[in-house]
1. Residues of region 51-74 being open to solvent by 40 Å² or more (accessible area, probe 1.4 Å) and closer than 15 Å to T107 by Cα, which ones?
2. Please enumerate the residues belonging to region 412-440 that are of a type outside the set (G, A, S), under 18 Å from the mean Cα position of the chain (by Cα) and not in a helix (DSSP H, G or I).
3. Would you check if there is a residue in region 221-241 being exposed (fewer than 11 other Cβ atoms within 10 Å of the Cβ) and either touching a Gly at 6+ places or on another chain (Cβ under 7 Å) or of a type in the set (G, A, S) (or both)?
4. Mind checking whether some residue in region 188-196 is buried (at least 18 other Cβ atoms within 10 Å of the Cβ), of a type in the set (V, I, T) and in contact with an Asp or Glu (Cβ under 8 Å, 6 or more places away or on another chain)?
5. Being aliphatic (A, V, I, L, M), part of a loop (DSSP other than H, G, I, E, B), within 23 Å of the chain's Cα centre (by Cα) and at negative phi narrows it down to one of A179, A149, A158, A198, so name that one.
6. Starting from residues that are in a loop (DSSP other than H, G, I, E, B) and touching an Asp or Glu at 6+ places or on another chain (Cβ under 7 Å), keep the ones in region 357-397 and report whichever is farthest from A275 (Cα to Cα).
7. Would you confirm whether or not region 161-176 contains a residue that is open to solvent by 10 Å² or more (accessible area, probe 1.4 Å) and part of a helix (DSSP H, G or I)?
Amino acid sequence: MRKTLGWLLSLVVLIGTMGAAGFTAQAATAAEPAAAADIKDRILGIPGMSLIEEKPYPGYRFFVLNYEQPVDHRQPWKGTFKQRLTLLHKDVSRPTVFYTSGYNVNTSPRRSEPTTIVDGNQVSLEYRFFTPSRPDPANWDDLTIWQAASDQHRLFTALKKIYTKNWLATGGSKGGMTATYFERFYPRDMDGVVAYVAPNDVVNKEDSAYDRFFAGVGTKECRDKLNAVQREALVRREPLEAKYAAAAAENGWTFNTVGNLDKAYEAVVLDYVWAFWQYSLLADCATIPTAATASDQEIWDTVDTISGFSAYADQGLETYTPYYYQAGTQLGSPDIKQPHLAGLSRYGYQPPRNFVPRDIPMTFQPAAMRDVDNWVRKNANQMLFVYGQNDPWGSEPFHLGYGVRDSYVMIAPGANHGANVAKLLDGEKALATAKIQQWAGVAPAAAPSLAGGTASPAQPLAAPDAVLDQPESRRDQQLRP
């Protein structure tokens, strides 16, 4: 040690003989921390990252970016594609939330609920194969939950060098599924997961849970009212399909993928009850017309408002081809009975194969969801699943087994597919908020118990913002999670 100190002292004396001004300038340059560089330069310094645009927003920097990803993470030499993402930057000293909807990315500034709770940065990634984040040519075999999780892992690995604080994964619906799959395949990446309204179709051929849901959701009066309208729409198929044909001609809709207008019409009608409970509340039953006295126009309007007649036209399906492909290859999809439509339905609940162009091959892989379900039951660690009581997609939820650690399933009473932490009962809301902050590293380790306690309930750390906190809309997706 003494020899080292003596050598350093000699070096200091030697340097002191150099020009003081020159040394000061050089030292200042050498000592300048990387953190002093503009955040945009640091982000664009990541190999494969490129800027699409920067949009100003008070209190943040917001970037729309492309990141070059392997088409096949197992064989990266096979080529790459550009995957779109956004970055809502607050400060590198804050935690970061990794959000995905499981679909296209929103290129306007937005915050997910966990981002507000922890007052952090947010990275939002577009799901592979949703345009423009699609390889060209597209080999659909590369659209798997593992490949998508590997997209997230690779982007996280690159950004973690800049955003060094804790990370949380989140998403709603298919985004909640995506966050869960990411955790399953890369459990060491995230410090916590908040998965909203995430379906868990473990056995694709066993869907009786959905039938039980529709037999008991809401009130009998509301269920009967919805069923009557749905039935009436099939009873009046001829005049309403004439209106559908006129609307198709006016809007340029075609029906090559589903097969014909009749199949598309029935698919929309059979979505009606499901879509109501997915997006509406029990109180909204008051807006549903009485089928027996409703005009054709009233039946048309309510079905169009709730289900959307454009959904199964080629133009409506095109955006969601990657979802239907995954539903028919790995995710699974519901098949409900709807006995009140007996004798009127010609096709039943149509499978995902009917909504994907026939030139794209599909083979279902039943082991994919069983693997994820088994992993979550045994290995969940710092994971929160939030469901809505009246959301049909919650009929087959994730469950937690004895091996899990610090993980929770919570249900928001009366809530639909928009269920979140804010809609939980007070005790669970306080616990969930405290846990999210704890996992993000911005709160003390101790959290209030469900039974209450002396601690004040945890609150979101960021102030509300009417623009940033707009929920992601899924109303154009119909029977898609």
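The values are calculated or read from the model by the stated rules, or taken from the named source; none is laboratory data. All values reported here derive from a predicted model rather than from experimental measurement. Glycine also receives a Cβ, built like all others from the backbone with ideal geometry; neighbour counts cover every protein chain displayed. Each accessible area value is taken on the protein alone, full model and side chains, heavy atoms only, with ligands, DNA and RNA left out. Shrake-Rupley method; radii C 1.70, N 1.55, O 1.52, S 1.80 Å.
1. Once the filter is applied, which keeps residues that are open to solvent by 40 Å² or more (accessible area, probe 1.4 Å) and closer than 15 Å to T107 by Cα, region 51-74 yields L51, I52, E53, E54, K55, P56, Y57, R61.
2. N416, H417, N420
3. no
4. For region 188-196, residues buried (at least 18 other Cβ atoms within 10 Å of the Cβ), of a type in the set (V, I, T) and in contact with an Asp or Glu (Cβ under 8 Å, 6 or more places away or on another chain): present.
5. A198
6. Per the criteria, the residue is Q382.
7. Within region 161-176 (the criterion being open to solvent by 10 Å² or more (accessible area, probe 1.4 Å) and part of a helix (DSSP H, G or I)), the answer is no, since none of the residues qualifies.
The rows are residues; the columns are (1) more than 18 Å from R480 (Cβ to Cβ); (2) not hydrophobic (A, V, I, L, M, F, W, C).
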position	(1), (2)
D262	yes, yes
Y265	yes, yes
V268	no, no
Y272	no, yes
Q278	no, yes
C285	yes, no
A294	yes, no
